[in-house]
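Worksheet for the structure shown next.
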């Protein structure tokens, strides 16, 4: 599974700092009123639902930012199945620090685990096929790095991270350029001129556009909102020549049949924009 590198953590630290500022502000006045000095305590983070865990290292980072002396013992790693009542972390430290970090850490953990859990449901349904589940750019603003990581924790794969690391010619590009063939030619020329060695993917809404994309030499074709009959036809035309991705109107009920058609990738926006949060709680023990 993907792990965060030093560059990733710099970006994540900014996200965590913003989240902590949002929650704590000028101070946790309730905790400060009750505890005016250091008090050692222990706590556990408990899963309140079944699912797939994601974000445990991010939660640890939250606690360590609030107080580097807090001891955060991970009992369950990311990507593991969790069940209701399972203790995933044990924490020891100043009660004031634990209570300040609690909500922010649980919010990250719940959001990321929800995405991992929904992704895993899709992944299970395509087992035995060559297809891979991809995420999209339909992520929460600023949280993309965390949400795409969560997809990976659930067994999915990342599409492009943003507009900068892959060419993807979509319907509006095609319309504004005056046709798919013209858009592809311009991208190929740009890639050669700028020496940007990224893959070129083109969206196709019909079989005619599939043929155009093939003849113009793109690396991957995205079949946009095509019905299963058209998907199968496109796979037949492109078999062995080019990667095929399906996007649009994919759900848990039809993903297995789509994967069985022989496509290489299935991109699903709902795994990030519609995932249900998995509930966690922190209990002082």
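Bear in mind these aren't lab numbers, they're just calculated from the coordinates by the rules spelled out. Note that this is a predicted model, so its numbers are computed, not measured. Cβ sites come from the backbone with ideal geometry, for glycine too, and all protein chains shown count toward neighbours.
Could you work out the relative contact order of the chain? I mean the mean sequence separation of Cα pairs under 8 Å and 6+ apart, divided by the number of residues, in percent.
23
Pop the C-beta distance of residue 227 and residue 177 into the FRET formula with R0 = 35 Å and round what comes out to the nearest 0.05. Don't skip to the end; give the middle numbers.
On the way: r = 26 Å, r/R0 = 0.75.
FRET efficiency, residue 227 to residue 177: 0.85.
When 149, 38 are ordered from fewest to most other Cβ atoms inside 10 Å of their Cβ, what list results?
Arranged by neighbour count, lowest to highest, 149, 38 become 38, 149.
Once the Cα atoms of helix 6-24 and of the chain are each reduced to a long axis, what angle between those two axes, in degrees from 0 to 90 to the nearest 10, is obtained?
50
Between 104, 119, 21, find the one with the highest GNM mean-square fluctuation for the chain; connect C-alpha pairs within less than 10 Å.
Residue with maximal mean-square fluctuation among 104, 119, 21: 21.
Looking only at the chain, where both bridge partners belong to it, what percent of the DSSP beta bridges are antiparallel (to the nearest 5)?
If we restrict to bridges inside the chain, about 50 percent are antiparallel.
What does the highest-first list of 257-265, 186-194, 133-141 look like by mean Cβ count within 10 Å?
257-265, 133-141, 186-194
Rounding to the nearest 10 and keeping the result within 0 to 90°, find how far the Cα-based axis of helix 95-125 lies from the longest principal axis of the chain.
Tilt of helix 95-125: around 30 degrees.
Can you give me the C-alpha center-to-center distance between the range 116-194 and the range 219-285, rounded to a whole angstrom?
Answer, in whole Å: 11.
Determine the equivalent ellipsoid of the range 124-273 by diagonalising the alpha-carbon gyration tensor, then write out the semi-axes as square roots of 5 times the eigenvalues, largest first, rounded to whole Å.
Details: eigenvalues 116, 83, 33 Å².
Value: 24, 20, 13 Å, ordered largest first.
In nm, to one decimal, how far is the modelled label at residue 161 from the one at residue 257, with both set 7 Å along Cα→Cβ?
3.8
Given contacts defined as C-alpha pairs under 8 Å and at least six residues apart, what's the relative contact order of the range 124-273, whole-number percent?
Relative CO of the range 124-273 lands at 31 percent.
Roughly what angle does helix 144-153 make with the longest principal axis of the chain, taking Cα atoms, 0 to 90 degrees, to the nearest 10?
Compared with the principal axis, the helix lies near 90 degrees.
For the chain, modelled as a GNM with alpha-carbon contacts under 10 angstrom, which of 25, 114, 248 fluctuates the most?
Top of the fluctuation ranking is 25.
Say each of residue 137 and residue 7 gets a label point 7 Å from the Cα, pointing the same way as Cα to Cβ; how far apart are those two points in nm?
1.9
Calculated FRET efficiency, residue 48 and residue 206, Cβ-Cβ r, R0 41 Å, to nearest 0.05?
Efficiency for this residue pair is about 0.30.
Of the candidates 19, 116, 176, which one comes out as most mobile in a Gaussian network treatment of the chain with C-alpha springs shorter than 10 Å?
Largest GNM mean-square fluctuation: 176.
How high is the relative contact order of the range 3-155, in percent, counting Cα pairs under 8 Å that sit 6 or more residues apart?
Reported as a whole number, the value is 28 percent.
Would you calculate a helix-derived [θ] at 222 nm for the chain, using -39,500 (n - 2.57) for each DSSP H run of n ≥ 4 and dividing by the full residue count, to the nearest 500?
For the chain, the value works out to -14000 deg cm²/dmol.
Can you give the alpha-carbon Rg of the range 99-207 over 2.2 N^0.38 Å, where N counts its residues? Write out the running numbers ahead of the final one.
Values: Rg = 18.0 Å, N = 109, 2.2 N^0.38 = 13.1 Å.
Taking the Cα Rg and dividing by 2.2 N^0.38 Å, one obtains 1.38.
Using only the Cα atoms of the chain, what are the Rg and Dmax in Å?
Rg then Dmax for the chain, in Å: 22.6, 72.
Quick check: residue separation of residue 33 and residue 199 times 0.36 nm, minus the Cα distance between them. What number comes out in nm?
Extra length from residue 33 to residue 199 when fully extended: 54.0 nm.
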